[in-house]
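Engineer: One structure, as structure tokens, below. Some questions next.
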Amino acid sequence: MTFTTRLKEEISKQENNPVESRLIVSSFIKYNSVIKDDITITLENASVTRFIYKIMKETFGVIPKITVRVQKRFRVKQIYILEVKEKIDYIKEVIELDKEPKLDSDEEIVAYLKGAFLGVGNVSNPKTSGYHLEYILDKESDALYIAKLLNHFRLNAKVIKRGYKYIAYMKMSESISDLIKMFRAISSLFEFEDTRIYRDHKNMVNRLNNMELANEEKTIKSGLEQLDLIKYLEDNDLMSLIDEKALLVINYRKKYPETSFQELADIISMETDYKVGKSGINHHFRALRKIKENHLKNKKD
């Protein structure tokens, strides 16, 4: 069972007041049905089918005809078809088919978004892919309206065209989590948040490991450059220009070529009478580089 299916089933098992039920079924029918002389709704989820059947009966006073078919293409699954042949004009009027509905409160907006999500919503599995929640709609105007409702709550929703469909979508994990919370889908919210925390922790560990590896590579590269510098000074008989403390640092760098400046300073301070810090080690190597630069300059002249 996918995360989307679990989320929709949790939503479909909630109790709603009459206003919420009307808005849920209105947006569901508006975006996920074929409306002609009758209304036909095709669903794949038994729990959502029972839920829509129930609130259509309560809201509109109609009893939809249910047809169950077995689809064998790709994989075997049951398809549920709800058909309504009465009160069609009344239902069209209630769901405000050709205009944007008047929503007077945050609760009404959430109920409308909830119904639309049950009909045309999808959210990617947070365990296996990037964060993505979308509403798949036939009309650009509908996608823009859904995005407007989402952005009423500052959820950073956007609209794109995909084939013949228009998609109102969100990619920020915080926004998706906030919407699931508004839907009162607590079990799905906990699952989403647990996965998000695990992935964020894993990403942080990976970043720290990469940072540590980069620092190690930088330290090794720096150590090799310093050994090359020392070899140049030795090959060109420049060691006599170096003071006693710098010679001590040179000997310890040759002994510990892969240590950082701080580690080298700690070793020297612990094993000798010379108490030196990271900046002191850096100062000595700057002085050594200066000796090399002067020698190269004099050779050139």
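Engineer: Can you tell me how many residues within segment 10-29 are closer than 16 Å to residue 91 by Cβ and in contact with an Asp or Glu (Cβ under 8 Å, 6 or more places away or on another chain)?
Structural biologist: Residues that pass the stated criteria total 4.
Engineer: Could you say which residue among 156, 125 is at pLDDT below 90, in contact with a helix residue (DSSP H, G or I) (Cβ under 7 Å, 6 or more places away or on another chain) and closer than 30 Å to residue 197 by Cα?
Structural biologist: Criteria check complete, one pass: 125.
Engineer: Could you check segment 271-301 and list, in sequence order, the residues that are touching a residue at least 40 places away in the same chain (Cβ under 8 Å) and closer than 14 Å to residue 253 by Cα?
Structural biologist: 285, 288
Engineer: Follow-up. Among the residues of segment 218-236 satisfying the criterion of being at pLDDT 80 or above and of a type in the set (D, E, K, R), which is nearest to residue 264 (Cα to Cα)?
Structural biologist: 225
Engineer: Which residues, taken from segment 10-19, are of a type outside the set (Val, Ile, Thr), part of a helix (DSSP H, G or I) and surrounded by 14 or more Cβ atoms within 10 Å (Cβ to Cβ)?
Structural biologist: Within segment 10-19, 10, 12 meet the criteria.
Engineer: Here are some conditions: (1) among the charged types (D, E, K, R); (2) out of contact with any Asp or Glu (no Cβ under 8 Å at 6 or more places or on another chain); (3) in contact (Cβ under 8 Å) with a residue 12 or more places away in the chain. Residue 36 meets all but one. Which one does it not meet?
Structural biologist: The number of the failed condition is (3).
Engineer: Okay, moving on. Output yes when any residue across segment 131-145 is buried (at least 19 other Cβ atoms within 10 Å of the Cβ) and more than 16 Å from residue 116 (Cα to Cα), and no when none is.
Structural biologist: There is at least one residue in segment 131-145 that is buried (at least 19 other Cβ atoms within 10 Å of the Cβ) and more than 16 Å from residue 116 (Cα to Cα).
Engineer: May I pose another question? Filter segment 27-75 for residues that are among the basic types (Lys, Arg) and at positive phi and give the result.
Structural biologist: Residues satisfying the conditions do not exist here.
Per-residue answers, yes or no, for (1) buried (at least 17 other Cβ atoms within 10 Å of the Cβ); (2) outside any helix (DSSP H, G or I):
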{"site": "21", "(1), (2)": "yes, no"}
{"site": "26", "(1), (2)": "yes, no"}
{"site": "37", "(1), (2)": "no, yes"}
{"site": "41", "(1), (2)": "yes, yes"}
{"site": "58", "(1), (2)": "no, no"}
{"site": "63", "(1), (2)": "no, yes"}
{"site": "70", "(1), (2)": "no, yes"}
{"site": "82", "(1), (2)": "yes, yes"}
{"site": "97", "(1), (2)": "no, yes"}
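Engineer: Just to be sure before I move on: is residue 61 touching a residue at least 12 places away in the same chain (Cβ under 8 Å) and within 26 Å of the chain's Cα centre (by Cα) in the structure I sent?
Structural biologist: Answer is no for this residue.
Engineer: Then there's this: Can you go through 90, 53 and tell me which one is at pLDDT below 90, outside any strand (DSSP E or B) and aromatic (Phe, Trp, Tyr)?
Structural biologist: None of the others qualify; the one that does is 90.
Engineer: To continue, here is another question. Only strands (runs of 3 or more DSSP E) wholly contained in segment 106-195 count here; list those with 2 or more residues that are in contact with a strand residue (DSSP E or B) (Cβ under 8 Å, 6 or more places away or on another chain), touching a residue at least 24 places away in the same chain (Cβ under 8 Å) and closer than 22 Å to residue 44 by Cβ.
Structural biologist: Output list reads 121-123, 133-137, 165-170.
Engineer: Quick one: in segment 149-196, of everything that is under 14 Å from the mean Cα position of the chain (by Cα) and not assigned by TED's automatic domain parsing to the domain that holds residue 27, which residue is surrounded by the fewest Cβ atoms within 10 Å (Cβ to Cβ)?
Structural biologist: 194
Engineer: Quickly run through segment 75-114 and pick out the residues that are more than 34 Å from the chain's Cα centre (by Cα) and of a type in the set (D, E, K, R).
Structural biologist: If the condition is that a residue be more than 34 Å from the chain's Cα centre (by Cα) and of a type in the set (D, E, K, R), then 83, 85, 86, 87, 89, 92, 93, 96, 98 are the ones that fit.
The values are calculated or read from the model by the stated rules, or taken from the named source; none is laboratory data. Only a predicted model underlies this, so the values are computations on that prediction, with no experimental measurement involved. Cβ: placed from backbone, ideal geometry, glycine included. Neighbour counts: every protein chain shown.
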